[in-house]
Amino acid sequence: MAGHDNEKLYRRLIDEVFNQGRMDVADELVAPDCVEHQASGMGDGPEGVKRIATTLRNAYADFTLTIEDLAVDGDRIWARQRGGGKNVGSFFGHPPTGNTGYIEVFDVVRFEDGKVVEHWGVPDQLSMLIQLGLVAPPRRPAAAQV
């Protein structure tokens, strides 16, 4: 499958599953044996995608995920995304804060025969926790005395 076709599939995954909550689309776009390399603990295959999308949509009432940059090379997509909204539900065990927070995510996705077969993700979870007020930002050390 050509790279531009994979790009269309990836954009559908983000828009329809994560933004619209159409979890059935994950069954269409993600292979049953898809391997999730991100340490989210949500699992592999379409069910893992559904779990992470549901978790985010439940934690943020107005959750949106926006593709900021995207590159295609053969069977792989590289994407930088920004997602979030107002925190109204539990976020990975933390109670809702009512604060608005956004997370930056870098994804690499490999396609085979028109389906996602591997995913690597690097989310900036610390920044999100700071924005939600759940973690204090790191303090800069005092200037060295000379």
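The values are calculated or read from the model by the stated rules, or taken from the named source; none is laboratory data. No experiment lies behind these values; they were computed from the predicted model shown. Every residue, glycine among them, receives a Cβ derived from its backbone with ideal geometry; neighbour counts consider all protein chains shown.
Here are the numbers for this structure:
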quantity	calculated
Matching entry among Leu134, Leu126 (being over 27 Å from Glu28 (Cα atoms), modelled with pLDDT under 95, among the hydrophobic types (A, V, I, L, M, F, W, C) and surrounded by 14 or more Cβ atoms within 10 Å (Cβ to Cβ))	Leu134
Any chance Asn19 is out of contact with any helix residue (DSSP H, G or I) (no Cβ under 6 Å at 6 or more places or on another chain) and surrounded by fewer than 19 Cβ atoms within 10 Å (Cβ to Cβ)	yes
Residue ID - surrounded by the fewest Cβ atoms within 10 Å (Cβ to Cβ), chosen from residues in region 86-101 that are modelled with pLDDT under 95 and within 16 Å of the chain's Cα centre (by Cα)	Phe92
Hey, Arg12 surrounded by fewer than 20 Cβ atoms within 10 Å (Cβ to Cβ), modelled with pLDDT of 95 or more, of a type in the set (Lys, Arg) and not in a loop (DSSP other than H, G, I, E, B) or not	yes
Residues of region 35-81 satisfying the condition of being charged (D, E, K, R) and either more than 17 Å from Gly21 (Cα to Cα) or over 14 Å from the mean Cα position of the chain (by Cα) (or both)	Glu36, Asp44, Glu47, Asp62, Glu68, Asp69, Asp73, Asp75, Arg76, Arg80
Within region 49-87, tally of residues that are out of contact with any helix residue (DSSP H, G or I) (no Cβ under 9 Å at 6 or more places or on another chain) and either in a strand (DSSP E or B) or in contact (Cβ under 8 Å) with a residue 12 or more places away in the chain (or both)	14
Any hit, region 48-68, residues being modelled with pLDDT under 95, surrounded by 14 or more Cβ atoms within 10 Å (Cβ to Cβ) and either among the acidic types (Asp, Glu) or on the phi > 0 side of the Ramachandran plot (or both)	no
When residues of region 106-142 are limited to those that are among the aliphatic types (A, V, I, L, M) and free of Cβ contacts under 8 Å to residues at least 40 places away in the same chain, the one farthest from Cys34 (Cα to Cα)	Ala142
